[in-house]
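Working notes, beginning with the structure itself.
The values are calculated or read from the model by the stated rules, or taken from the named source; none is laboratory data. Fair warning: this is a prediction, and the values are worked out from it, not measured in the lab. With ideal geometry, Cβ positions are generated from the backbone for all residues, glycine too; neighbour counts draw on all protein chains shown. Only protein heavy atoms, including side chains, enter the accessible area calculation; ligands, DNA and RNA are left aside. Shrake-Rupley method; radii C 1.70, N 1.55, O 1.52, S 1.80 Å.
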Amino acid sequence: MNRAESSWSLLPASPEESRAPVCIVVHAHPDLSKGGGETAAYREFLALRAAGHEVSLVAAAEFGGPDHILPHAPGEFLFSTAGMAEDRLFWADIADRRELVRFLARQRARIFHFHHLWRIGLDLVAELMEARPDARFVITLHEMLAICAHHGQMIRTRGRELCRAAAPTRCSACFPEWQPRHFVLRRAAFLETLRRFEAVVYPSDFIRQRYRDWGLAPARDVVLENYLGDALADVPRRQAADPALAGHFAFFGQPTPFKGLDVLLRGFALAVAAAPGLTLSVFGCEREEVLGMFPTLAPALDQAGPALSFFGRYDQADVIHLMQGAGWVVVPSIWWENSPVVIQEAMRAGTPLIVSDIGGMAEKVRPGLDGLHFRRGSPPNLASVLRQAADPVRHATISASLNDSIARAEFLVGLERAFGLMPAEAE
Amino acid sequence: MKVRIGQDDVLALDCVQPLGGGHVFVQGWLSWPRGTATPVLGLRAGDLPLESLAHVLYDRSDLTGAMDDGRNSRGFILVAGPPAGTRLAGEFHFTVGTDEVAMPATRLGAPVAELLARQPWGAVFDLIAAAAADSRLRTLLVPEGGGAGALDRWIASVPRLATPVENQGGLAHVEAAATALGECVVAVTLPRPLGPQEELRVVALAEDRDRRLPVRLEGPPPLRAEHGVRLYGRLPAGSGLPVASFDLLVGLQHPGGGAWFRTAPRLIPAPAFLAALQHPHGDGNAADGFAWLHGVLEMRRAAFDVAFHAALASCAPRGMPGEAPVVAVLHDMDDRFAARLVFLAAAEIERRAAEVVVVGAPGPAAEVADVFLQRGRIPVRVGLDLPGAVRRGTYARARLVPIEPAALAEALETGGLDALFARGIDGAALAPVLRLAGAAGSLDGGDAIARLARLLAGLEGGSGLRHRGMPLVGAAGHLVTEHLAALWRDAAPALRARASHEPR
């Protein structure tokens with residue numbers, strides 16, 4: 001049942017409603033983990049509060065003790081996921097779920113904004129909707145978990161082949177322990193849950209299209225870029241390109257198999273062999289971690305020599321400054337990436353990007369305007385693009401046309417539109 | 001007592017004992033000139049010829065070689081009684097052809113049970129086979145019948161064999177299986193070639209209170225192979241469904257003796273049973289086996305048609321009023337997301353159903369039932385005892401709506417829940433469904449409902465009704481598969497007539 005098709009209107013009943021209390025329910029808290037989804041949800045929480053909304057944030061966490069729900073900070077609460085099923089999509093412990101539903105239902109919120117269903121529970125959403133038929137429900141889908149059982153990444157489990165559309169037999173080939181029928185039911189459960197939301201927010205048009213193709217047609221689907229938060233938004237943006245940085249590249253992130261750091265390191269080794277003046281800085285991990293994950297990269301690292309530097313973990317608050325010290329930020333992910341925060345951060349910093357030519361990366365980085373594309377997973381092609389990028393003229397040109405990240409005001413307007421708090425003519 | 005009758009025949013009596021109901025048990029031996037016809041034994045009471053209920057002739061080792069050359073000598077057991085509606089009067093006489101001799105006026109010899117215990121097993125088996133065919137001989141089974149429960153005691157002395165079994169009693173392999181319909185198969189494989197006069201015979205032993213009642217099995221002659229023999233039999237029509245558990249009394253006899261044992265056949269669903277039936281010995285004539293199987297299946301089909309149409313007739317179509325309570329029967333819930341989907345659809349199901357029944361594997365079924373238990377809005381049951389439901393008429397006034405997860409998923413996506421709930425079947429029609437399930441599926445409620453749902457959805461004869469996991473291969477396998485599919489396919493129109501696509 002699509003609730004929006006019954007008695008709900010997405011338009012506010014009165015002007016006062018535009019300040020309707022909001023409860024953000026999110027799969028994690030950034031104090032405890034640094035994923036993009038929880039960070040985006042928390043920044044939304046702060047931005048709404050700063051804009052005068054009555055807002056609370058209820059985040060999943062892993063903690064022990066007799067209490068299932070704990071206050072964390074003013075307006076912030078944590079709930080334990082211990083009672084959830086192993087896949088963290090449903091609750092095994094009915095009492096835990098019911099307690100959380102009662103807690104949420106007691107919130108003064110007129111709008112519940114969910115980020116993710118994982119670690120929250122499809123059943124919790126359904127039960128809360130039954131308990132609070134007066135409230136509006138909105139969800140932001142940061143990933144494609146509903147579509148793909150492989151961590152929502154739409155990349156095949158064997159090899160690095162990209163997946164463009166889910167299908168029961170295809171999914172079963174990725175997970176032979178499950179029959180195709182399992183994926184029919186899995187899709188139906190997600191679809192039935194997601195259809196009940198009045199609005200679905202996507203951080204990119206790419207992911208929205210994936211969900212549309214998959215069959216989700218909510219009453220309203222909105223593409224709204226994640227907001228970086230006031231602290232990063234207030235950092236002064238670099239106004240002009242520094243020609244000296246044109247040949248200096250940087251990577252920000254973890255050395256996970258899908259982030260494509262191995263592709264970058266191989267590509268850089270090829271590039272630096274042909275153009276010795278290039279440099280690459282890797283933020284977020286150490287050399288040993290990289291070799292632990294990709295032992296075969298040792299020759300490439302040796303080949304890069306002193307042109308390659310590892311800087312380990314960095315403080316998120318420093319990211320803009322760190323990016324401003326590089327000529328280009330490279331996002332070499334081999335999976336789709338829906339809206340990587342690193343792209344927004346680079347745009348905020350004023351540093352152009354070199355990205356894989358797929359998914360959210362290709363969408364967010366306009367080739368020739370915000371950065372350059374290379375063939376996903378191809379070190380030789382990346383090497384060629386790195387050498388082109390090192391041209392100071394090209395670097396300056398692209399730096400000049402580079403988009404900024406989304407501003408707070410624009411973000412709030414988009415959010416209010418998603419919440420149905422904005423008159424139609426203003427949209 | 002030994003007397004000469006007429007010119008040539010000699011009659012010896014070892015035992016004469018009266019049984020209940022005016023029946024007489026006589027055992028002895030008979031000798032007649034070789035080359036002449038076997039004398040026909042009979043009894044007469046006064047002027048009234050008695051009816052022979054059992055007349056068993058058998059070889060006796062104590063007679064072999066003891067008689068004069070040129071004569072045949074065989075033991076006999078004769079049980080006779082007055083024809084229905086007559087009374088015994090006058091003295092008993094033995095008749096041999098046109099000659100006769102007076103019977104002793106008093107009991108002669110040992111009690112029947114004691115005597116039978118000393119007789120060759122083949123002879124007693126013949127007597128039991130006769131008792132299976134003629135209920136009047138059951139006087140020999142009960143103590144109060146005058147025979148002191150002689151056959152019952154003899155049966156109890158036959159060794160039990162837990163089948164399947166290998167290398168027991170000179171038999172390489174023995175297996176026995178049965179269906180809820182009262183069919184059975186006994187397959188014996190030998191470590192040597194099957195003798196030309198070797199014969200497999202089986203009598204069912206039905207439980208009747210605390211004793212075993214021999215029941216004759218109907219079926220074609222056993223299928224003989226070079227090293228084995230296979231017998232298909234079925235209890236007479238009219239047995240309940242499921243039939244009460246029964247044992248088999250098995251004899252593999254040859255002129256010099258044989259092997260006898262009792263066994264409890266494994267009760268298995270019809271598809272598995274037929275798979276066991278078509279399993280080739282590997283050493284027989286394939287054409288013979290195929291023809292034999294074909295005959296068995298034809299016999300099955302004929303028996304099913306009679307039973308199915310009788311069941312249909314017992315539940316004549318009736319309009320299902322719109323207010324007939326709807327029972328949602330959730331089946332095939334064996335996937336983690338099935339229960340989850342039901343959770344999400346629970347409110348919509350509750351809106352349309354008065355009760356939920358969850359069938360299938362216990363774990364997932366319990367998980368689905370939990371959804372409704374925790375909501376507490378409508379009753380929910382786990383499991384469907386199909387025979388019990390038919391017997392008690394549990395759902396006779398309800399409309400059953402089978403729902404499987406994929407159909408529920410589709411209905412949720414397309415907004416087709418009303419259409420899904422319109423596909424119900426009159427609960428009174430469970431009786432023919434039970435017959436169908438017994439003959440071509442399983443009496444397990446989950447399996448039967450799942451197949452019924454596919455039948456109503458128009459998938460009969462397709463892969464949805466196949467019996468996966470059964471070793472139904474080759475031409476014989478195809479024959480069995482087609483037989484099973486045809487039962488469902490041909491039953492479909494009649495069952496559809498009992499189904500509703502909209503509440504009436």
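The table that follows gives values for the structure above.
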{"quantity": "Total residues in the stretch B:397-419, condition of a type outside the set (A, V, I, L, M), crowded, with 18+ Cβ neighbours inside 10 Å and facing chain A (nearest Cβ under 10 Å)", "calculated": "2"}
{"quantity": "Residue match in the stretch A:226-237 (condition: away from every other protein chain (no Cβ under 14 Å), at pLDDT 95 or above and surrounded by fewer than 15 Cβ atoms within 10 Å (Cβ to Cβ))", "calculated": "no"}
{"quantity": "Residue identified as of a type in the set (Lys, Arg), assigned to a loop (DSSP other than H, G, I, E, B) and open to solvent by 20 Å² or more (accessible area, probe 1.4 Å) among B:Arg377, B:Arg435", "calculated": "B:Arg377"}
{"quantity": "Condition met for A:Pro255 (buried (at least 17 other Cβ atoms within 10 Å of the Cβ) and touching a Cys at 6+ places or on another chain (Cβ under 6 Å))", "calculated": "yes"}
{"quantity": "Flag if A:Ala317 is surrounded by fewer than 18 Cβ atoms within 10 Å (Cβ to Cβ) and either under 24 Å from A:Gln239 (Cα atoms) or not aliphatic (A, V, I, L, M) (or both)", "calculated": "yes"}
{"quantity": "Test: residue in the stretch A:365-378 that is at pLDDT 95 or above and either part of a helix (DSSP H, G or I) or within 14 Å of A:Ala275 (Cβ to Cβ) (or both)", "calculated": "no"}
{"quantity": "Single condition B:Arg381 does not satisfy, out of (1) more than 29 Å from A:Phe183 (Cβ to Cβ); (2) modelled with pLDDT under 95", "calculated": "(2)"}
{"quantity": "Tabulated pairs, the stretch B:151-169, first open to solvent by 20 Å² or more (accessible area, probe 1.4 Å), second at pLDDT below 90 and of a type in the set (D, E, K, R), C-beta under 9 angstrom, 6+ apart or interchain", "calculated": "B:Asp152/B:Arg211; B:Asp152/B:Arg212; B:Ala156/B:Arg212"}
{"quantity": "Which listed residue is at pLDDT 95 or above, open to solvent by 10 Å² or more (accessible area, probe 1.4 Å), β-branched (Val, Ile, Thr) and farther than 12 Å from A:Phe249 by Cβ, from A:Ile358, A:Ile343", "calculated": "A:Ile358"}
{"quantity": "Condition met for A:Glu127 (buried (at least 19 other Cβ atoms within 10 Å of the Cβ), touching a residue at least 60 places away in the same chain (Cβ under 8 Å) and in the same structural domain as A:Val223 (by TED's automatic domain parsing))", "calculated": "no"}
{"quantity": "Meets criteria (touching an Asp or Glu at 6+ places or on another chain (Cβ under 6 Å) and either more than 14 Å from chain A (Cβ to nearest Cβ) or modelled with pLDDT of 95 or more (or both)) for B:Ile349", "calculated": "no"}
{"quantity": "Any chance B:Thr106 is assigned to a strand (DSSP E or B) and not small (Gly, Ala, Ser)", "calculated": "no"}
{"quantity": "The one condition in (1) open to solvent by 40 Å² or more (accessible area, probe 1.4 Å); (2) within 14 Å of another protein chain (Cβ to nearest Cβ); (3) without any contact (Cβ under 8 Å) to a residue 40 or more places away in the chain; (4) of a type outside the set (Ser, Thr, Tyr) that B:Gly360 fails to fulfil", "calculated": "(3)"}
{"quantity": "Helices (runs of 4 or more DSSP H) contained in the stretch A:140-215 and holding at least 3 residues modelled with pLDDT of 95 or more and within 14 Å of another protein chain (Cβ to nearest Cβ)", "calculated": "A:168-174, A:180-194"}
{"quantity": "Whichever residue in the stretch B:386-396 is outside any helix (DSSP H, G or I) and open to solvent by less than 40 Å² (accessible area, probe 1.4 Å) and, among such residues, is nearest to the other protein chains (Cβ to nearest Cβ)", "calculated": "B:Tyr395"}
{"quantity": "The lone exception for B:Asn167 - which of (1) under 23 Å from the mean Cα position of the chain (by Cα); (2) farther than 24 Å from B:Gly219 by Cβ it fails", "calculated": "(1)"}
{"quantity": "Pick from the stretch A:216-260, criterion part of a loop (DSSP other than H, G, I, E, B) and under 15 Å from the mean Cα position of the chain (by Cα), ranking: nearest to A:Val342 (Cα to Cα)", "calculated": "A:Gly253"}
{"quantity": "Options B:Leu344, B:Leu408, B:Leu312; residue that is assigned to a helix (DSSP H, G or I), outside the structural domain of B:Ala429 (by TED's automatic domain parsing) and in contact (Cβ under 8 Å) with a residue 24 or more places away in the chain", "calculated": "B:Leu312"}
{"quantity": "Flag for B:Val101 being at pLDDT below 90, in a strand (DSSP E or B) and open to solvent by less than 60 Å² (accessible area, probe 1.4 Å)", "calculated": "yes"}
{"quantity": "Test: residue in the stretch A:103-114 that is open to solvent by 30 Å² or more (accessible area, probe 1.4 Å), away from chain B (no Cβ under 14 Å) and touching a His at 6+ places or on another chain (Cβ under 8 Å)", "calculated": "no"}
{"quantity": "Meets criteria (touching a residue at least 40 places away in the same chain (Cβ under 8 Å), within 31 Å of the chain's Cα centre (by Cα) and farther than 19 Å from B:Ala12 by Cα) for B:Phe76", "calculated": "no"}
{"quantity": "Boolean, B:Ala84 is free of Cβ contacts under 8 Å to residues at least 40 places away in the same chain and either touching a His at 6+ places or on another chain (Cβ under 6 Å) or not assigned by TED's automatic domain parsing to the domain that holds B:Ala130 (or both)", "calculated": "no"}
{"quantity": "Qualifying residue in the stretch A:210-220 (condition: over 22 Å from A:Lys364 (Cα atoms) and open to solvent by less than 10 Å² (accessible area, probe 1.4 Å))", "calculated": "yes"}
{"quantity": "Only one of A:Thr351, A:Thr397 that is outside any helix (DSSP H, G or I) and more than 27 Å from A:Met154 (Cα to Cα)", "calculated": "A:Thr351"}
{"quantity": "In the stretch B:329-343, the residues that are touching a Leu at 6+ places or on another chain (Cβ under 7 Å) and at the interface with chain A (Cβ under 7 Å from one of its Cβ atoms)", "calculated": "B:Asp335, B:Phe337, B:Ala338, B:Arg340, B:Leu341"}
{"quantity": "Matching entry among A:Gly327, A:Gly350, A:Gly312 (being open to solvent by less than 10 Å² (accessible area, probe 1.4 Å), closer than 15 Å to A:Ala250 by Cα and in contact with a strand residue (DSSP E or B) (Cβ under 6 Å, 6 or more places away or on another chain))", "calculated": "A:Gly327"}
{"quantity": "Given (1) over 20 Å from the mean Cα position of the chain (by Cα); (2) among the β-branched types (Val, Ile, Thr); (3) under 18 Å from A:Leu264 (Cα atoms), number of the condition A:Ile343 does not satisfy", "calculated": "(1)"}
{"quantity": "Subset of the stretch B:185-215 [within 21 Å of the chain's Cα centre (by Cα) and surrounded by fewer than 17 Cβ atoms within 10 Å (Cβ to Cβ)]", "calculated": "B:Glu207, B:Asp208, B:Arg209, B:Asp210"}
